[in-house]
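A quick write-up on the structure given underneath.
None of the figures in this text is laboratory data; all of them are computed from the coordinates on show. A quick note: this is a predicted structure, and the numbers were derived from the prediction, not measured. Every residue, glycine among them, receives a Cβ derived from its backbone with ideal geometry; neighbour counts consider all protein chains shown.
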Amino acid sequence: MSKKPFYITTPIYYPSGNPHIGHCYTTVACDSIARFKRMQGYDVMFLTGTDEHGQKIEQKAAEKGVTPKQYVDEIVEIFKKLWSCMDISYDRYIRTTDDYHVEAVQKIFKELYDRGYIYKGEYKGKYCTPCESFWTESQLDENGCCPDCHRPVVEAKEEAYFFKMSPFADRIEKLLTETDYLRPKTRATELVNNFIKPGLEDLCVSRTSFKWGIPVSFDEKHVVYVWIDALSNYITALGFDNEKYDDYEKYWPADVHMVAKDIMRFHAIIWPAMLMALEQPLPKHLAVHGWITFNGQKMSKSLGNVVDPFVLADRYGADAIRYHILREMALGADSSFSNEIMINRINSDLANGLGNLISRSVAMVLKYFDGTLPENKQSGEHDEELIAEMTALRDTVAEAVENTQLNVALAEIFKVVSAANKYIDETAPWILAKDEANKPRLAAVLYNLLEAIRITTTLLSAFMPATMPKAWEQIGAKPEDVTFENAGRYGVLPQNVTVKKGEVLFPRIDVDKEIDELNALIAAQEAAAKAALEQDEDKAGLVPISETISIDDFGKIDLRVAEVKECEKVPKAKKLLKLQLDDGFGGRQVVSGIAKWYSPEDLIGKKVIVVANLAPAKLCGVESCGMIVAADVGEDARVIFVDKDIPNGSKLR
Ligand code: ME8
């Protein structure tokens, strides 16, 4: 029988800065669901990726003096490295700069245009002339100026394409209020009241003021602006409108799109509208979670350093981080992150709760039975209750996962972990062990504990994939014992199971010492980040590198070494100096705008570089044959002087 398909997606993230623990949340949540569904026997497609176009990337790349593609390539590698460090089992990674996506988005845009849903209009906004950038009111800085250069902006308009939203308003309202598309459904009211009831505004879907985007195929001065490019990823990654993949029929419509509340509107309103316009089926569920906050603020790139996921994973292991963020966040609500809460949770739930249950149980089987339980067992008080709890667990957890309530799933599993620990206290194996006659009872108690561990760790393996196989080795479980099917059954481990002593799965952390160390680390990282920022700011003063030219283009410029023989100010022109140069070819006169920084005596006798084949020009009425080469240093200019022993007239190459 062929497996049922299951398609789950994270948002595609902006590679405009390093990923942080906020990005980890959605990705880890989707990964856990994907793993759980695989365990349940589904044929899973788990998609993640990066959203690589846009003005912000273009500007950041220019600041760094690299191309936008070079800029994103570097950050995409960091995202992928983090996903590997967090044990993310994605099946496909889409980059919106991938050729197949670009081609498909052009087709989608054209189709929407041909169907009459996209039309040409005028985009009005705030424009920063020096940066050549449009901004929305909310993007401006606290003085209403450009958020980048902080200079005043002006009202401006540019030609743009728009996507008509109004034809879909009624259907979208029904989707949000009458179906279980949106999770949690309580968010439907705010969407309907804020966006649908006042009348859906058409969406600006192209720009001409920047270049780093997918060109509109039938009007190349426009690039596709944000959402048609980004949202389409969910279908282009399956092969919609492209030849690269052939999975659309199999996996579409998606079972779950998971996003945080910041982009809920785009996924709850615009995405369904686009699909309706394309006459494609709608995704089944949109799960919206809150933000991980830090000191009450949304975790962001600038705050991301404080809880660098690489550092946390390195110190505590990916599983502990995965567990903590999943356990803290209730669907729909924000969750505040603190290192202290995280460490306390690792200690209480993982070290004391689960870790202790495993190490105590295994240690007792080793101590009282040399590692192998006897067949002869005797059931007794408290058994039934524990067995009932452990066998009911699988379906409760499956239901929570089905409803994307992962914190609930984990809470349920840990209820059984606690029940098993309590069972140890109630049955007191160390007392039973004192009397040989009680050995069958002792064996039953320990068997029940191993079964509780098998069931809980099987279900936990979707959430903490690295550690659970180590637990299975310790309790003597074989791969066929730890399947989803067997997680609903009691009595799966052989009666004469053999355990094995192993490493401590979750070492207890010394909270005070750890917090001190983390604080020191944070301080060091903040200092490094500040230094990097200052360096960036210095660099930000640099003019971006110009477009690439060929060697032939460069060959056209004739640069020569020349010696300044005479120099004087140009009367009535404050900025200009008139220089007589020995250029090795009989001499020439050059006028240069450097009087603000150099007096004639600074230059006479020095050797400079002159652009020798520049067409002659008159500056303030004085003839200039060529130009002196100088560097811009902030607001200043500095002449480039060359070695005295290079002969006049030497050509630069
Ligand atoms: O919005 N807490 O990309 P993005 C929880 N490219 N989740 C967080 C978070 C936080 N503090 N910060 C980020 C974009 N996230 C677009 C998406 S999709 C077609 C295009 C997660 O890099 C969360 O999933 O800004 C949020 O929705 C997403 O990152 C936004 O990522």
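Tabulated values for the structure
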read-out: Anisotropy class of region 136-186 from Cα gyration tensor, a/c 1.5 cut; value: oblate
read-out: Simple label model, 7 Å out from Cα along Cβ direction - LYS261 to LYS644, nm; value: 7.3 nm
read-out: FRET efficiency, ASP141 to SER89 (Cβ-Cβ, R0 60 Å, nearest 0.05); value: 0.90
read-out: DSSP bridge orientation in the chain - percent antiparallel, rounded to nearest 5; value: 70 percent
read-out: Fewest-first sequence of HIS150, HIS20 by Cβ atoms within 10 Å of each Cβ; value: HIS150, HIS20
read-out: Full-stretch length increase - ALA437, ASN344 - with 0.36 nm per residue and alpha-carbon distance subtracted; value: 29.3 nm
read-out: Order of TRP597, TRP135 - criterion: other Cβ atoms within 10 Å of each residue's Cβ, fewest first; value: TRP597, TRP135
read-out: Descending semi-axes in whole angstrom, ellipsoid equivalent of the chain, from the Cα gyration tensor; value: 64, 33, 21
read-out: DSSP-defined beta bridges in region 201-322 - what % are antiparallel, rounded to 5; value: 55 percent
read-out: 0 to 90° range, to nearest 10: angle between helix 356-369 axis and the chain longest Cα axis; value: 40 degrees
read-out: Separation in nanometres of the label points that stand 7 Å from Cα toward Cβ, at LYS572 and THR372; value: 11.2 nm
read-out: Förster-model FRET efficiency, 25 Å R0, ARG151 and CYS620, C-beta, rounded to 0.05; value: 0.25
read-out: Cα-based shape type of region 55-110, given that a ≥ b ≥ c are square roots of the gyration tensor eigenvalues and the cut on a/c is 1.5; value: oblate
read-out: Length-normalised contact order for the chain - Cα pairs under 8 Å, 6+ apart - percent; value: 12 percent
read-out: Order of CYS625, CYS567 under a 10 Å beta carbon neighbour criterion, fewest first; value: CYS625, CYS567
read-out: Within region 254-277: backbone nitrogen closer than 20 Å to the THR186 label point (7 Å, Cα to C-beta); value: 258-265, 268
read-out: Size of charge dipole - region 364-477 - debye, nearest 20, with Cβ of Lys, Arg +1 and Asp, Glu -1, no other charges; value: 380 debye
read-out: Rel. contact order, % - alpha carbon contacts under 8 angstrom, at least six apart, region 1-109; value: 34 percent
read-out: Fully extended contour minus Cα-Cα distance, from ASP510 to GLU178, at 0.36 nm per residue; value: 114.5 nm
read-out: Distant alpha-carbon pairs in region 1-113 (separation over 25 angstrom), percent; value: 33 percent
read-out: Per-residue [θ]222 nm for the chain (sum of -39500 (n - 2.57) over DSSP H runs n ≥ 4, rounded to 500); value: -12000 deg cm²/dmol
read-out: On Cα atoms only, tilt of 439-460 relative to the major axis of the chain in degrees; value: 30 degrees
read-out: Net length gained if the chain between ASP43 and THR293 were fully extended (0.36 nm per residue, minus Cα distance); value: 86.6 nm
read-out: In nm, spacing of pseudo-spin labels at ASP202 and VAL633 (7 Å Cα→C-beta vector); value: 5.4 nm
read-out: Relative contact order of region 111-157, defined on C-alpha pairs under 8 angstrom at six or more residues apart (%); value: 36 percent
read-out: Rounded to 10°, Cα long-axis angle of helix 55-64 versus longest principal axis of the chain; value: 70 degrees
read-out: Under 23 Å from LYS565, Cα to Cα: lysines that are on another chain or at least 8 residues apart; value: LYS574, LYS575, LYS578, LYS596, LYS606, LYS607, LYS618, LYS644, LYS651
read-out: Cα gyration tensor shape for region 73-151, rounded if a/c is under 1.5, else prolate or oblate; value: oblate
